[in-house]
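> If you scroll down you'll find the structure; I have some questions about it.
The values are calculated or read from the model by the stated rules, or taken from the named source; none is laboratory data. Note that the structure is a prediction, hence the values are computed from the model and not measured. Cβ coordinates were reconstructed from backbone atoms using ideal geometry, including for glycine residues, and neighbour counts include every protein chain displayed.
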Amino acid sequence: SSSTFYERYHSLEDIYHWINRTQQDNPNMVKAILIGSSYEKRPLYVLKLSVNNRPNKKAMWIDCGIHAREWISHAFCLWFVQNSLSFYKLNQDITRILDNMDVYILPVMNPDGYQYTWTTNRMWRKNRSVSKSSNCIGVDLNRNFDANWCTEGASDEPCTEIYCGAFPESEPESQAVANFLRSHKDSVQFYLSIHSYSQMLLFPYSCTLDEAENHKDLLEMAQEAAQAIRRYYRNTYKYGSGAKTIYLAPGGSDDWAYNLGIKYSFTFELQDRGRYGFLLPPSLISRACNEALIAVKTIALKVIEKT
Ligand SMILES: NCCCCC[C@@H](C[SeH])C(=O)O
Ligand SMILES: [Zn+2]
Ligand SMILES: [Zn+2]
């Protein structure tokens with residue numbers, strides 16, 4: 001049954017098959033868009049969920065798997081698509097969100113790294129690009145965007161886990177995402193990047209301790225989302241600006257999207273708090289994804305109210 005499919009982790013090949021099947025099974029709600037390819041030439045597919053052709057309709061963006069080892073992230077993108085398709089017209093919140101917003105979902109932003117965690121090193125974080133200046137492999141895609149690039153909280157050392165790359169958008173994966181968002185910046189109102197672990201709802205800035213101009217709005221949205229998780233699932237998520245709540249992290253996709261003009265920009269760190277860490281067991285996928293789902297719905301509904 002479908003519940004077991006979504007309560008398991010899936011190989012890259014299985015996710016590509018799932019993308020294909022989901023589009024084939026839902027021809028008038030789902031379209032797969034090829035937005036680029038990885039360093040090792042694997043396709044980067046975005047699924048577009050759209051239930052109507054309302055003129056100048058808003059949109060939201062969710063990317064998963066920017067960091068390869070954070071498997072609960074990829075699982076959430078699949079969970080979100082399945083939940084949206086299954087409960088449209090049945091659940092009031094999902095129906096209101098889809099009636100008002102198209103949703104762009106990138107289930108695997110770092111396919112080379114993800115494949116590598118299945119075949120070679122479960123704890124791999126970065127992409128798999130080869131650098132000219134070092135034998136070490138991989139750039140941290142969440143330090144490769146053009147937002148205070150390679151300042152404190154990133155490293156110019158290719159062998160580190162937070163290597164910023166040779167220059168901003170040096171990597172095909174971050175370049176593909178940045179290009180897509182640049183060409184859709186007038187419709188995308190809400191950016192969301194899914195990570196693990198530590199149970200946090202973060203918003204700009206992470207690249208500096210300065211407050212975002214709509215900090216009050218972002219804080220209120222994150223607080224309401226964390227309260228929803230607390231109320232429905234009795235679990236605790238911290239929330240706040242990235243720099244103050246987790247650590248300084250420049251070159252991030254959320255800060256870059258925010259500076260592009262996407263004023264509702266978030267990074268979620270899903271379960272858990274460290275007991276299993278990146279190795280969250282499949283038995284906890286449904287809880288972790290349901291907690292993230294209620295948070296996404298809470299914020300998406302507020303974005304619809306405000307835009
Ligand atoms: N854009 C930076 C948000 C805060 C840091 C997020 C974590 C996720 Se693993 C990181 O990229 O180190
Ligand atoms: Zn991450
Ligand atoms: Zn993380």
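> Go through segment 237-252 and report how many residues are among the hydroxyl-bearing types (Ser, Thr, Tyr) and touching a helix residue (DSSP H, G or I) at 6+ places or on another chain (Cβ under 6 Å).
Taking segment 237-252 as the starting set, the residues that turn out to be among the hydroxyl-bearing types (Ser, Thr, Tyr) are 237, 239, 241, 245, 247.
Narrowing the set further to residues that are touching a helix residue (DSSP H, G or I) at 6+ places or on another chain (Cβ under 6 Å) leaves 237, 239.
So the count comes out to 2.
> Let me ask something else about it. Quick one: is Leu218 under 19 Å from Leu106 (Cα atoms) and crowded, with 22+ Cβ neighbours inside 10 Å?
Taking the combined requirement at face value, the residue does not satisfy it.
> Can you name the residue in segment 186-212 that is in a loop (DSSP other than H, G, I, E, B) and within 24 Å of Val139 (Cβ to Cβ) and is also farthest from ligand 2 (Cβ to nearest atom) among such residues?
Filtering first and then ranking leaves Thr208.
> Still on this model: Just to confirm my filter: which helices (runs of 4 or more DSSP H) fall fully inside segment 1-108 and include at least 2 residues that are without any contact (Cβ under 8 Å) to a residue 24 or more places away in the chain and of a type outside the set (Ser, Thr, Tyr)? Spell out the reasoning first.
Values: elements: 2-6, 12-25, 71-87, 92-100.
Output list reads 12-25.
> Now, a different point. Checking the conditions here, which among Ser73, Ser86 is of a type in the set (Ser, Thr, Tyr) and more than 16 Å from ligand 1 (Cβ to nearest atom)?
On the way: Ser73 fails: more than 16 Å from ligand 1 (Cβ to nearest atom).
It is Ser86.
> Is it fair to say Leu181 is within 16 Å of ligand 2 (Cβ to nearest atom) and surrounded by fewer than 24 Cβ atoms within 10 Å (Cβ to Cβ)?
The answer is no for Leu181.
> Only one residue in Glu157, Glu161 is surrounded by fewer than 15 Cβ atoms within 10 Å (Cβ to Cβ), within 16 Å of ligand 3 (Cβ to nearest atom) and at pLDDT 95 or above. Which one?
Being surrounded by fewer than 15 Cβ atoms within 10 Å (Cβ to Cβ), within 16 Å of ligand 3 (Cβ to nearest atom) and at pLDDT 95 or above holds for just one of Glu157, Glu161, which is Glu161.
> May I pose another question? Taking the stated definitions as given, is Phe268 touching a helix residue (DSSP H, G or I) at 6+ places or on another chain (Cβ under 9 Å), within 16 Å of ligand 2 (Cβ to nearest atom) and not in a helix (DSSP H, G or I)?
Considered against the rule, which asks whether it is touching a helix residue (DSSP H, G or I) at 6+ places or on another chain (Cβ under 9 Å), within 16 Å of ligand 2 (Cβ to nearest atom) and not in a helix (DSSP H, G or I), Phe268 comes out as yes.
> Taking only segment 213-227 into account, find how many residues are over 20 Å from the mean Cα position of the chain (by Cα) and either small (Gly, Ala, Ser) or in a helix (DSSP H, G or I) (or both).
Filtering segment 213-227 for residues over 20 Å from the mean Cα position of the chain (by Cα) gives 213-217, 220, 227.
Within this subset, residues satisfying the condition of being either small (Gly, Ala, Ser) or in a helix (DSSP H, G or I) (or both) are 215-217, 220, 227.
The qualifying residues number 5.
> Would you mind telling me which numbered condition in (1) among the hydrophobic types (A, V, I, L, M, F, W, C); (2) surrounded by fewer than 24 Cβ atoms within 10 Å (Cβ to Cβ); (3) over 21 Å from Ser73 (Cα atoms); (4) within 13 Å of ligand 1 (Cβ to nearest atom) Cys207 fails?
(2) is the only condition that Cys207 fails.
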